[in-house]
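Values quoted throughout were computed directly from the atomic coordinates according to the rules given, and no laboratory measurement underlies them. Note that the coordinates shown come from a computational prediction; the quantities given were computed from them, not determined experimentally. Quick reminder, even Gly has a Cβ in these numbers, built from the backbone with ideal geometry, and neighbours come from all protein chains shown.
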């Protein structure tokens with residue numbers, strides 16, 4: 001051993017740390033930062049140009065010019081979140097559902113404010129899951145949360161998903177199988193993105209919404225199996241009907257959790273999400289949050305309260321719908337034109353909202369990060385999210401589909417979408433040749 | 001069973017949720033809110049009147065008037081935190097330590113931005129602790145974090161503490177005992193508040209700082225035992241020397257973690273803390289934070305960057321030192337005058353900074369929440385924090401000291417301090433009679 005630099009004893013990390021891995025997206029973010037000429041169709045970020053800078057100037061001028069209000073914004077608030085904001089959000093949910101809060105047995109005290117909706121997703125997992133517990137999720141699913149669930153020690157059971165979202169018959173069958181094998185006590189959550197899904201862009205159809213709730217109730221024989229409805233993209237709706245949430249059918253506020261966020265429809269820099277949840281779960285989640293941070297940034301909550309009350313929020317959502325609708329259309333047109341000769345081999349989703357389009361290549365294609373296709377796309381100067389990040393391996397066969405990729409029209413400037421798709425098409429065409 | 005309201009199956013919560021309890025302070029907060037005439041000497045909140053409203057008006061006007069900058073503030077940033085803020089904080093730490101970062105082997109990438117320093121404390125526990133692991137802490141300790149550690153399943157071993165802070169000889173003896181019983185592999189952290197402690201107001205003396213580091217190294221035989229140095233109150237210094245941190249002696253950045261915050265010296269509503277930590281622990285903590293929220297509110301970070309760069313932060317800290325120094329002096333004078341006839345029975349600390357004074361009553365006194373004294377204080381219209389919240393029971397005898405109480409001159413208006421202490425003195429005098 002070298003005398004001058006003795007060996008340093010290593011750290012003993014927790015079992016949870018050992019289960020926690022870097023999010024796969026980190027590589028893509030780092031690559032995009034290091035290669036600014038790349039057209040980044042991978043980033044799930046929102047559009048820089050439509051961020052509400054003017055609105056926030058007006059709001060903060062008003063807020064900080066009013067001394068008592070400024071002081072309230074700069075002081076601590078509660079772990080649950082700013083009371084007037086929770087009241088405003090209850091009204092906002094009523095408007096989205098076209099239903100009074102009483103019909104969902106919801107009050108402002110059933111709404112929790114968090115550091116983005118990701119924190120709510122985390123805290124719900126933390127309050128419910130022991131290592132070995134089961135979460136049922138569509139396949140593919142939002143990969144950041146499946147990574148979080150894995151870190152919490154959960155087993156994720158993938159369920160069949162089609163163009164109308166998670167398949168209720170498949171869910172019923174899966175729960176029935178689990179019941180027969182006495183595995184139902186391990187099942188804690190059914191997780192899904194119910195609007196303009198990340199990664200597929202697809203929406204759970206209207207008729208499936210109450211059906212999923214009934215299935216959760218049916219199998220809640222000895223303990224409650226909860227539906228965790230992630231509605232992050234709900235307000236980025238470009239066409240199609242405004243569907244009520246699964247939560248809206250839960251008349252007693254006992255079986256469903258609805259998470260929403262200001263990150264997508266207003267500004268991610270304010271990092272504020274909100275969640276409506278059953279009171280007994282709220283109690284457990286709130287105690288966890290008391291240990292995590294005893295309350296998210298109050299200033300951001302005060303800014304969002306003013307945005308809601310002044311109408312700036314509603315106005316901004318309309319602006320975003322207009323802007324992203326145009327970007328979605330541009331991407332769909334570019335896909336049509338780039339792949340007109342390959343139509344039989346490729347399919348893609350046509351989302352009514354959100355930020356994502358899901359591209360499916362022939363079965364034997366490999367889009368994964370180590371694949372020649374991914375490398376070829378980089379060489380052509382375009383970045384996508386490999387679809388395999390979003391899948392769970394098949395529970396028995398271990399099969400992991402690798403013939404998909406996720407495209408986003410979120411952050412990429414509109415005029416870069418056609419050349420981006422053109423570059424992607426060149427890489428794919430070379431590969432399929 | 002009632003047919004109209006069938007019994008609802010209960011939730012199966014996680015083992016962690018079962019270990020998590022409401023913070024005891026919640027009762028005090030609720031009581032104070034419901035009784036506005038009460039003089040609240042319990043609240044550890046900061047002063048409303050000195051919150052930087054004007055500074056934040058200037059900063060946000062500047063920030064939101066500059067379109068590219070406004071957009072950066074409203075967009076996502078990284079999990080680690082805003083790069084220019086981390087660079088500014090590295091310089092800030094250099095100034096506080098009067099030492100170049102290189103002498104502590106620190107770079108801006110060793111600094112993590114969190115949702116208040118509480119989130120850093122949580123994440124560090126999460127990355128290091130398995131149920132049954134040991135954290136060594138002074139007795140008394142900051143009770144919010146000991147509650148968090150308990151929720152993570154840790155065993156907290158209390159160590160002897162005197163007017164100079166945690167006693168190195170007692171720490172050495174405790175670790176030696178643990179080594180003899182082969183319990184050293186369970187020891188992960190030594191936690192302490194090194195400046196103007198919550199609850200005692202006391203500061204770890206200069207000579208003990210390098211000694212604690214040496215002891216941590218000495219017992220890091222098979223794995224590293226880390227010192228977690230909570231320096232939340234460091235910059236609220238009213239007199240006495242500006243001591244270097246324990247971290248400043250850790251030339252290789254391997255054995256100590258230093259957490260600081262903007263909540264006390266600037267504004268809690270921005271909910272932003274920062275932590276310097278060893279790179280291998282950073283890696284584990286960052287992965288946890290990636291799952292918790294993938295980054296704290298970026299807008300708050302941009303505001304604080306501007307506050308640091310414009311000099312508004314340094315100016316505001318001076319103003320706070322001036323204001324809290326006067327409130328501390330007022331409370332000490334009020335204690336002197338109220339208890340002049342009881343001096344032999346009562347002692348209290350004379351802090352050089354922070355927000356707290358620790359009062360010690362005769363051994364057989366009971367200040368706890370169910371006690372007649374606590375009730376009598378409420379009747380007289382004054383609220384304090386019972387000292388037993390801050391203690392761990394003695395590991396063998398189970399003894400829990402109940403003859404202390406914590407007073408804060410933080411949030412209470414200066415003119416209410418003398419009547420508050422007068423009310424407290426009346427309650428205590430009646431009780432001791």
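General remarks:
- Sites residue B:318 and residue A:162, calculated FRET efficiency, Cβ-Cβ separation with R0 56 Å, nearest 0.05: 0.30
- Rounded, prolate or oblate (a/c below 1.5 giving rounded, otherwise prolate when a/b exceeds b/c) for region A:34-115 by Cα gyration tensor: oblate
- With a cut-off of 20 Å on the backbone N, the residues of region B:56-71 near the modelled label site 7 Å out from residue A:67 along Cα-Cβ are B:56-61.
- Rg to Rh quotient for the protein assembly as shown, alpha carbon positions, Kirkwood Rh: 0.98
- In terms of its C-alpha gyration tensor, region A:122-213 has an oblate overall shape, because the principal axis ratio a/c (a ≥ b ≥ c, square roots of the eigenvalues) is not below 1.5 and a/b does not outweigh b/c.
- In plain terms, the C-alpha convex hull of chain A casts an average shadow of 25.2 nm² when viewed from every direction.
- Cα shape, region A:77-314, gyration tensor, a/c 1.5 rule: prolate
- Estimated D of region A:1-139 in µm² per second, where Rh is the Kirkwood radius over Cα pairs and Stokes-Einstein applies at 20 °C, 1.002 mPa s: 102
- Here A:37, B:388 are placed in order of increasing Cβ neighbour count within 10 Å, fewest first, which gives A:37, B:388.
- FRET efficiency, 1/(1 + (r/R0)^6) with R0 30 Å, evaluated for residue A:206 and residue A:414 via beta carbons: 0.45
- Legend: mean number of C-beta atoms from other chains within 10 angstrom of residue C-beta atoms, peptide B:13-25, equals 6.
- Residue A:95 label point (Cα plus 7 Å toward Cβ) to equivalent points in the other copies: 4.4 nm, shortest first.
- Copies compared at residue B:283 - label distances in nm, ascending, label defined 7 Å from Cα in the Cβ direction: 4.2
- Across region A:256-295, the residues whose backbone nitrogen lies under 19 Å from the label position 7 Å along the beta-carbon direction of residue B:18 are A:280-288.
- Orientation-averaged projected area, Cα convex hull of region A:242-378 (nm²): 13.1
- Between copies, the label points at residue B:131 (set 7 angstrom from Cα along Cα-to-Cβ) are spaced 1.1 nm, reported in nanometres from shortest to longest.
- Stokes-Einstein D in µm²/s, Kirkwood radius over Cα pairs - region B:158-299 at 25 °C with 0.890 mPa s viscosity: 150
- Simple spin-label estimate for residue B:35 and residue B:309 in nanometres, 7 Å along Cα-Cβ: 4.9
- Fewest-first ranking of B:209, B:350, using other Cβ atoms within 10 Å as the exposure measure: B:350, B:209
- Label zone (residue B:430, point 7 Å along Cα-to-C-beta; backbone nitrogen cut-off 19 Å) within region B:19-37: B:32, B:35-37.
- Ellipticity estimate at 222 nm from DSSP helix runs (n ≥ 4, -39,500 (n - 2.57)) divided over the protein assembly as shown, nearest 500: -13000 deg cm²/dmol
- Förster radius 35 Å - calculated FRET efficiency between residue B:283 and residue A:400, Cβ distance, rounded to 0.05: 0.85
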